[in-house]
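**Q** There's a structure below that I have some questions on.
The values are calculated or read from the model by the stated rules, or taken from the named source; none is laboratory data. Here the structure is a predicted model, which means the values were calculated and not measured. So basically every Cβ, Gly included, is an ideal-geometry build from the backbone, and we count neighbours across all protein chains shown.
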Amino acid sequence: MTKLEKLRNMKENLKNEGIFLRELKRTIANEQKANEYAGDSQCTLIEHTRIYRHKHIAYCLELGTEYSAIEKTVREGNKPSWSLINEFRENLQGDL
């Protein structure tokens, strides 16, 4: 698989993950409004949001965007995991 195909696959994956995250947020809101337990959904949201963020950074960096343009401000203690970003970037390596 070429790098271009891998980038297209990652873009599609990011779109699908974004849809999943939005639906999960609605589910959590509905569970909370109904006074139901939403802890499992919240844990899933945190886990998937973290992965989405790092995949998005890796995708943008591969397209040539500077990190400072991707995340203009980052709260103290909320720096991205560069080892995870580099892992996603390594998965994108291939022939052009």
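**Q** Restricted to region 55-83, and to residues that are β-branched (Val, Ile, Thr) and surrounded by 14 or more Cβ atoms within 10 Å (Cβ to Cβ), which residue is farthest from Asn16 (Cα to Cα)?
**A** Taking region 55-83 and keeping what is β-branched (Val, Ile, Thr), we get 57, 65, 70, 73-74.
Okay, now just the ones that are also surrounded by 14 or more Cβ atoms within 10 Å (Cβ to Cβ), so 57, 70.
Working: Ile57: 16, Ile70: 20 Å.
Here the answer is Ile70.
**Q** Still on this model: Does Tyr52 satisfy the criteria of being part of a helix (DSSP H, G or I), free of Cβ contacts under 8 Å to residues at least 40 places away in the same chain, under 16 Å from the mean Cα position of the chain (by Cα) and surrounded by 14 or more Cβ atoms within 10 Å (Cβ to Cβ)?
**A** Values: part of a helix (DSSP H, G or I): yes; free of Cβ contacts under 8 Å to residues at least 40 places away in the same chain: yes; under 16 Å from the mean Cα position of the chain (by Cα): yes; surrounded by 14 or more Cβ atoms within 10 Å (Cβ to Cβ): yes.
Against the criterion (part of a helix (DSSP H, G or I), free of Cβ contacts under 8 Å to residues at least 40 places away in the same chain, under 16 Å from the mean Cα position of the chain (by Cα) and surrounded by 14 or more Cβ atoms within 10 Å (Cβ to Cβ)), Tyr52 qualifies.
**Q** Can you tell me how many residues within region 80-96 are in a loop (DSSP other than H, G, I, E, B) and modelled with pLDDT of 95 or more? Spell out the reasoning first.
**A** We begin by selecting, within region 80-96, every residue in a loop (DSSP other than H, G, I, E, B); these are 80-81, 93-96.
Next, only the ones that are modelled with pLDDT of 95 or more stay: 80-81.
The total comes to 2.
**Q** Out of Glu47, Glu12, Glu17, I need the residue that is within 18 Å of Glu87 (Cα to Cα), surrounded by 10 or more Cβ atoms within 10 Å (Cβ to Cβ) and of a type in the set (Asp, Glu). Which one?
**A** Values: Glu12 fails: within 18 Å of Glu87 (Cα to Cα); Glu17 fails: within 18 Å of Glu87 (Cα to Cα).
Residue meeting the stated conditions: Glu47.
**Q** Still on this model: Please specify each residue of region 2-59 satisfying the condition of being under 23 Å from Asn91 (Cβ atoms), in contact with a Lys or Arg (Cβ under 8 Å, 6 or more places away or on another chain) and either at pLDDT below 95 or not acidic (Asp, Glu) (or both).
**A** Initially, region 2-59 is screened for residues under 23 Å from Asn91 (Cβ atoms), giving 2-21, 44, 46-59.
When the remaining residues are screened for being in contact with a Lys or Arg (Cβ under 8 Å, 6 or more places away or on another chain), the result is 10, 13-14, 17, 58-59.
Result: Met10, Asn13, Leu14, Ala58, Tyr59.
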